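Since the structure comes first, as structure tokens, the remarks are kept for the end.
All of the numbers you see were taken from the coordinates with simple rules; none came from a lab. Bear in mind the structure is a predicted one, so any value in this text is a computation, not a measurement. Note: ideal-geometry Cβ built from the backbone for every residue, glycine included; neighbour counts use all protein chains shown.
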């Protein structure tokens, strides 16, 4: 006797896709929601167009203007005329004015860094700290240097804990041999002066292990021995 198939296992024919009906549904949806759709499309156009317009007519002109304005301040800075570099000479902007007016530009951001350095060189340490904290960069040398300068300023204000943390931040920003061992060493020295010998030993060992060929790295055995951590 021939076997009968279980009806439940027999695939049922699918209904043909009704393109015309689907199109009508899409049209109905559009007409019912055309105001919302039009506003959404317009919003996208405005945002995209506004972005390009902002870059072309606002951002780039401001960048160019900031570059022009910072030029004279940089010249004063190069010859250690820090007051003129900071405040301008009456005819040309100083770093403060460039930072205030064009702070969102690359040149304006650099002006914040330079203004911070000027303040520190003029002995206005807290103003230098505040200005350098407003500076931000992805540059592998400039950003850790800014952190290190903040550490210097805190030490001048007798705020050792803040200074040590800033030095560590500078030293750990990246492992380049130009800034990292310098600021880690300053952190170690500050820890020694604060009576935190074990913490200083930890920092000195880090310098020795990570940067053995630098000036700081070659000197670490001496500093470790001074703290009683003698090389075997």
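Numerical summary
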| read-out | value |
| --- | --- |
| FRET E, pair residue 130, residue 197, Förster distance 41 Å, beta-carbon r, rounded to 0.05 | 0.80 |
| Distance histogram for the range 146-189 (every C-alpha pair counted, 10 angstrom bins, percent rounded to whole numbers) | 38, 54, 8 |
| Cβ-based exposure ranking for 204, 113, 125, in which fewest neighbours within 10 Å come first | 125, 113, 204 |
| Shape category assigned to the range 138-232 from the gyration tensor of Cα positions, a/c cut at 1.5 | oblate |
| Exposure proxy ranking, count of Cβ atoms within 10 Å, fewest first, for 121, 226 | 226, 121 |
| Mean Cβ neighbour count within 10 Å, used as a protection proxy, ranking 71-77, 146-152 highest first | 146-152, 71-77 |
| The range 116-178, relative contact order in percent, only Cα pairs under 8 angstrom and at least six apart counted | 30 percent |
| Whole-number percent relative contact order across the range 138-232, with pairs defined as alpha carbons under 8 Å at least 6 apart | 20 percent |
| Sequence-separation-based contact order of the range 73-184, relative, with Cα cut under 8 Å and 6+ spacing, percent | 16 percent |
| Förster radius 41 Å - calculated FRET efficiency between residue 226 and residue 83, Cβ distance, rounded to 0.05 | 0.50 |
| Ascending count of other beta-carbon atoms within 10 Å, so fewest first, for 203, 96 | 96, 203 |
